[in-house]
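> The structure that follows is given in the form of structure tokens.
The values are calculated or read from the model by the stated rules, or taken from the named source; none is laboratory data. Quick caveat: nothing in here was measured; it's all calculated off a predicted structure. Note that each Cβ is placed from the backbone with ideal geometry, even for glycine, and that neighbours are counted across all protein chains shown. Calculation scope for accessible area: heavy atoms of the full protein, side chains included, ligands and nucleic acids excluded. Shrake-Rupley method; radii C 1.70, N 1.55, O 1.52, S 1.80 Å.
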Amino acid sequence: MHREFVYVGDPVPELNEQEHAAFLMNIQKSILLSLEKRKLLTHSQRERCLVELEKQYSREPKSRRRA
């Protein structure tokens, strides 16, 4: 199950470091789901990318995380 979000131009609320990391992770997951939906990634490719994202977020110090 996934949700769709539409940015309507309202100011973005300030996020703490943990919320920011979760936001970035969810954006990356959404991109992967979109690529799979458009048949640009297979299910197994998407799953492999998700595994790599999880590794990145679990191993890097919070200050070094990138989008």
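> Rounded, prolate or oblate: which one fits the range 4-43, using the alpha carbon gyration tensor with axes a ≥ b ≥ c (rounded when a/c is under 1.5, else prolate when a/b beats b/c, else oblate)?
Working: a/c = 5.36, a/b = 1.76, b/c = 3.04.
Note, shape of the range 4-43 comes out oblate.
> Modelling each spin label as a point 7 Å along the Cα-to-Cβ direction, I'd like the Leu24/Arg38 distance in nm, to one decimal.
Once both label points are built, they end up 2.3 nm from each other.
> Calculate what fraction, in whole %, of the accessible area of the range 14-53 sits on carbon and sulfur atoms when a 1.4 Å probe is rolled over the protein chains.
58 percent
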